[in-house]
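Here the structure is laid out as structure tokens; the discussion comes afterwards.
We did not get these values from a lab; they are worked out from the coordinates using the rules stated. Note that this is a predicted model, so its numbers are computed, not measured. Here the Cβ positions follow ideal geometry from the backbone for every residue, glycine too, while neighbour counts run over all protein chains shown.
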Amino acid sequence: MRGLIIPRLYKAIRDMKRIRIFLLIGLLAVPSACASAESKLPMPREAYATRPVYHYPISDPYAATVITLPPDMRVNYSDVPETNAKTMTVFEGRDIPEGFWYQDGLKYGQLIQSQPAPLVFIIPGTGADYRADIMRTVAEVLYTAGNSVVLLPSPSNPNFIINSSENAIPGSPKQDARDLYRVMRMISSDVSKHATVTENRLVGYSLGGWQAAFTAQFDSQQRALNFSKVLLINPPLSLYSSMKILDDDLNRALPHGMNDADAFIKTEITRLSRVSTSGEAFDFRNAGLLVDYYNRFHPSDDRLATMIGLSFRLSAADMIFTSDVMRRSGYIFPRDQNFTTSTSVNAYMAIALRSSFSDYLNDVFYEEAHAKDPSISKQDLIAQSNLLSLESYIVGNDKLRLITNRDDIVLAPGDLATLERLFQNHEVIFPIGGHLGNIATPAIAYQIKTFMPAAKP
């Protein structure tokens, strides 16, 4: 049984999502490393007058993964309207524990064009909801290209697990695809009541890119949405390999694992306070503060890797706890207790934070799969979670495109070469950018808009 960690660690790591921005450090202090990306795609000249030169100033993949580009380097679409927040009931009469009172329906967003337009569904990365910063960036690019856009939560997000997952066990490529497809069909039906949709398209980034591939393959069988274009941005090749990388990253600056996490967070907060000259609350958007922090402390790749690992571990903890309560499996939360508004979750979430992605695979996912099919092995599940299992669907499929980076930190050695073979002549690979670090650059926007322009009347 994994031991308890002090409850305040849960709050501290939750603060990490806010603190990430300053730990994700000093873009302006990182030496410039300009590079040009060689695209293997034919680019229609009518999409843009010229193709932007790829200029990305961060050569370190860990720093690239976690920092925010300054405004003068980011795409900026100030005229895009606010996302229209929507709520939908997927399963009528579903029994949802009282403690999840705030999860009243699936929450998603829309940006709908006033004229006939393609409808693009976006699937975000691990644990993200539709309001994620990267989600908004991708949505704005697609909207300004003339598309209507639906912003979904990740199947690993608690809101999706509670409201839209058939079995409350995210991570199965086929089950995630079925759950997503059900939601997309319902939303598509609703959108068609007040807007003209010319065709359906699909975009996913990070884990959402991986899920987009399996959802597109499912659509090729069901033919209800008939996706005309499917774009994968920085997907993992093997979900298992990427999970293991993130589990290992967490411990790089934590010699004793999660036992050291509380001290790690306190150290970084203390460091930030030393470079802040104001007695007021920290302004995490203060670029000068970020540069001062970086110049003074020069955080190592190990510390940045641990920050990335902790962020993903928090998402995993939310996912595992939510799944456990919904299924009454007793993995973390006692199956004979009711989860109510008065239930204190700190102790249980502390246990969940000790649970790695690998633990989830071994203790939850595999056990559930094995109960249904005793002949299945862990290696079978690992193979099923690899994009190679879709090789016959992916290779030569003109509907599919891949955008990724050569230094993506979630790719294991050899993964990039396999992705290049799968998407031969249908991929754009940038030389640097880490994992989604370059998502807001004009070069990425160009690739997205060129592949997914509004359909001609």
Pull out a ≥ b ≥ c, the square roots of the eigenvalues of the alpha-carbon gyration tensor of segment 327-434, then state rounded if a/c is under 1.5, prolate if not and a/b is larger than b/c, and oblate in the remaining case. prolate
Pairs to check: 266/378; 86/174; 86/229; 229/372; 193/229; 193/399. Give those whose C-alpha atoms are more than 32 Å from each other in this structure. 266/378; 229/372
Label-point separation (nm) for residue 104 and residue 197, each offset 7 Å from Cα along Cα-to-Cβ? 2.7
Most to least packed among 306-313, 96-103 [average Cβ atoms within 10 Å]: 306-313, 96-103
Centroid-to-centroid separation of segment 355-375 and segment 243-261 [C-alpha atoms, Å]: 22
Positive dipole terminus of segment 337-457, leading residue within 434, 374, 346 (C-beta point charges): 434
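Within 10 Å, count the other beta carbons around each residue, average over each peptide in 408-420, 427-439, 147-159, and list them highest first.
On the way: 408-420: 18.3, 427-439: 23.8, 147-159: 26.3.
The peptides rank, most packed first, as 147-159, 427-439, 408-420.
Would you mind classifying segment 109-211 by shape? Square roots of the alpha carbon gyration tensor eigenvalues, ordered a ≥ b ≥ c; an a/c under 1.5 is rounded, otherwise it is prolate if a/b is larger than b/c and oblate if not.
Numbers: a/c = 2.16, a/b = 1.51, b/c = 1.43.
It comes out prolate by the Cα gyration axes.
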Which distance in nm do the two modelled labels at residue 244 and residue 73 give, with both placed 7 Å along the Cα-to-Cβ direction? 3.3
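For segment 48-121, rounded, prolate or oblate, judged on the Cα gyration tensor with a ≥ b ≥ c (square roots of eigenvalues), a/c < 1.5 rounded, else prolate if a/b > b/c?
oblate
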Can you tell me how much longer the chain between residue 55 and residue 166 gets when fully stretched, taken as 0.36 nm per residue apart minus their C-alpha distance, in nm with one decimal? 35.6 nm
Under a point spin-label approximation (7 Å from Cα along Cα-to-Cβ), what is the residue 89-residue 392 distance to one decimal in nm? 4.2
